[in-house]
Amino acid sequence: MLVEQITARLGEEVPGMIIDCAHYLDGRRCDEGAVSPQEAAARCGQGGFVWLGLFEPGDEELAQVRDTFGLHELAIEDAQNIHMRPKIERYDQDMQLVILRTARYDDAAEEVEFGQISVFLAPSFLIAVRRGVASELRGARQRLEQRPELLAAGSSSALWAILDQVVDGYAPVVAGLEHDIDQIPGWVQREISISAARMTAAAAPRSQGAG
């Protein structure tokens, strides 16, 4: 069973792993530990909502989640693709797919790492499928669990927590890039500015004379 992978590599995220799966009712988590997706799906009709988090699942894992929660086939295919920009798609009357782009600055390599979070959102559940190291959501879940008044609002509160973390995650990226730019010698910065100005001038439309 997929949920057994939770304890297989405790504390380490591996592809195809269920990070957490919980049922929330009246602003509270119903179980101390994770429950299986099958048990969680069975509780969807009991009120509250289910939050299932997956990290880089394979086709087989996604197919099981699709069958367990009744997800649209096209939504699953969409979530398997890497998108260049965020988007929202509605596949059923009560189910939406939200695609988010995440970023993390690697200080050692001085590079920006990108990731993606595909969120299946319905009134009774939220399923977050993460790809890439720049998409960790454990902190978002923990912070939301400390605010029962928000959790009581339903699955939309989990989407809000995810969005909040994704947006906050861009601040260190901006800071890292600004620091890198500050390390560039002044003459290089001037050359970059001149080149950019020339490219802008060359790309600008030219007015035609009356002749």
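The values are calculated or read from the model by the stated rules, or taken from the named source; none is laboratory data. All figures in this text were calculated on a predicted structure; none of them were measured in a lab. Here the Cβ positions follow ideal geometry from the backbone for every residue, glycine too, while neighbour counts run over all protein chains shown.
When only residues in region 149-159 that are surrounded by 14 or more Cβ atoms within 10 Å (Cβ to Cβ) and not aliphatic (A, V, I, L, M) count, which is farthest from the chain's Cα centre (by Cα)?
That would be 154.
Within region 161-184, track down each residue that is surrounded by fewer than 13 Cβ atoms within 10 Å (Cβ to Cβ) and either under 22 Å from residue 18 (Cβ atoms) or under 12 Å from the mean Cα position of the chain (by Cα) (or both).
Of everything in region 161-184, just one residue is surrounded by fewer than 13 Cβ atoms within 10 Å (Cβ to Cβ) and either under 22 Å from residue 18 (Cβ atoms) or under 12 Å from the mean Cα position of the chain (by Cα) (or both), namely 167.
Name, by its number, the condition in (1) more than 28 Å from residue 27 (Cα to Cα); (2) surrounded by fewer than 17 Cβ atoms within 10 Å (Cβ to Cβ); (3) modelled with pLDDT under 90 that does not hold for residue 94.
Status for residue 94: all satisfied but (1).
Do we find that residue 37 is within 21 Å of residue 118 (Cβ to Cβ), at pLDDT 90 or above and touching a Ser or Thr at 6+ places or on another chain (Cβ under 6 Å) in this structure? Before you say what the answer is, go through the steps one by one.
Values: within 21 Å of residue 118 (Cβ to Cβ): yes; at pLDDT 90 or above: yes; touching a Ser or Thr at 6+ places or on another chain (Cβ under 6 Å): yes.
So residue 37 fits the description; yes.
Which pairs turn up if I take residues in region 81-101 that are free of Cβ contacts under 8 Å to residues at least 40 places away in the same chain and among the polar types (S, T, N, Q) and look for partners that are surrounded by 14 or more Cβ atoms within 10 Å (Cβ to Cβ) and assigned to a strand (DSSP E or B) with beta carbon separation below 7 Å, at least 6 apart in sequence or on another chain?
Final answer for the pair search is 96/89; 96/121.
Residues of region 46-65 being within 17 Å of residue 156 (Cα to Cα) and loosely packed, with under 15 Cβ neighbours inside 10 Å, which ones?
Restricting attention to region 46-65, the residues satisfying the condition of being within 17 Å of residue 156 (Cα to Cα) are 47-53.
Once the filter is applied, which keeps residues that are within 17 Å of residue 156 (Cα to Cα) and loosely packed, with under 15 Cβ neighbours inside 10 Å, region 46-65 yields only 47.
Select the helices (runs of 4 or more DSSP H) contained entirely in region 42-148, then report the ones holding at least 3 residues which are under 15 Å from the mean Cα position of the chain (by Cα).
Here the list reads 73-80, 138-145.
Report the residue count in region 49-101 for those that are β-branched (Val, Ile, Thr) and on the phi > 0 side of the Ramachandran plot. Don't jump to the end; show me each part of the working.
Taking region 49-101 and keeping what is β-branched (Val, Ile, Thr), we get 50, 65, 68, 76, 82, 88, 98-99.
From the residues that got through so far, the ones that are on the phi > 0 side of the Ramachandran plot too are none.
The qualifying residues number 0.
Could you please find all residues in region 11-28 being modelled with pLDDT of 55 or more, of a type outside the set (Phe, Trp, Tyr) and closer than 27 Å to residue 148 by Cβ? Give the steps one after another, and end with the answer.
Of region 11-28, the ones modelled with pLDDT of 55 or more are 16-28.
Retained after the next criterion (residues that are of a type outside the set (Phe, Trp, Tyr)): 16-23, 25-28.
Across region 11-28, the qualifying residues are 18, 19, 20, 21, 22, 23, 25, 26, 27, 28.
So, in region 20-32, exactly how many residues are touching a residue at least 12 places away in the same chain (Cβ under 8 Å) and part of a loop (DSSP other than H, G, I, E, B)? First the steps, then the outcome.
So in region 20-32, the residues touching a residue at least 12 places away in the same chain (Cβ under 8 Å) come out as 20-30.
Within this subset, residues satisfying the condition of being part of a loop (DSSP other than H, G, I, E, B) are 26-27, 30.
Residues that pass the stated criteria total 3.
So, residue 144, is that one surrounded by 13 or more Cβ atoms within 10 Å (Cβ to Cβ) and in contact (Cβ under 8 Å) with a residue 24 or more places away in the chain or not? First the steps, then the outcome.
Numbers: surrounded by 13 or more Cβ atoms within 10 Å (Cβ to Cβ): yes; in contact (Cβ under 8 Å) with a residue 24 or more places away in the chain: no.
Considered against the rule, which asks whether it is surrounded by 13 or more Cβ atoms within 10 Å (Cβ to Cβ) and in contact (Cβ under 8 Å) with a residue 24 or more places away in the chain, residue 144 comes out as no.
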